[in-house]
Amino acid sequence: MSSPYTTPPQRDSWFAPLSVDLILKVFKRTFFHPFIAWIVPLCFRAQNMFWDAPPMLVSIAWASFISISWVLMAINDRVAYGMPREVVPSEEVIVITGGASGLGLLIAEVYGMRGATVAVLDVKEMENGEARGVTYYKCDVTDKAQITRVAAEIERDVSSFPDTQSITWRLNLLTPHSLARPPCSSTTRLSLTASGFSTWKSPRSRRA
């Protein structure tokens, strides 16, 4: 009797999962991490190596370079994203792509129950069309024309709320894959052009 379950596809080789992004991620947490970099000169010192020894000088120079780079990256992120702000769900407009079902729908329902205005973008119809505070927009996020059209619809719908005179609306975009990062960006996504949205949505333009 054959099994009702299909065998998952097997990878051709053991190194198939390897990628440049994965290698860089490993390096960032090892060789390019200040904590790891400073362990090397400390180990040299534990072996009673003199401070002016070439290996000691090279390891200290490398650790200093890595540490300064991390500080500059932190400053760059702060300048790029601004200071953290308090998130008030009732003053947020959250757009969730792929939120018609599954984890995306769960995220939409949770933010809707917390009082946020949620817009769901998906090519499929919503499984729960009566979710509180959730509005569905049929949209293929790979189509720039549809993104531009839906962005205008969301902006029009948001402006129809009675409290818009006293609320500064901020549009945040979420996908099920970005659940780990809360919607705390103060950038208004509705002001993005279609090409700008496409660039922002690209995984390589955002930090994991």
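Taken together, the values in this text are just the output of simple stated rules run on the coordinates, not laboratory data. Because the structure is predicted, anything quoted here is derived from the model rather than measured. Reconstructed Cβ throughout: ideal geometry from the backbone, glycine too, with neighbour counts over all protein chains shown.
Overall, segment 20-81 carries a charge dipole of about 140 debye about its Cα centre when +1 sits on the Cβ of Lys and Arg and -1 on the Cβ of Asp and Glu, all other atoms neutral.
Over what distance in Å are the Cα centres of segment 50-72 and segment 103-137 separated? Cα centroid to Cα centroid, the span is 51 Å. Orientation-averaged projection of segment 20-81 equals 5.1 nm² [convex hull of Cα atoms, one quarter of hull surface area].
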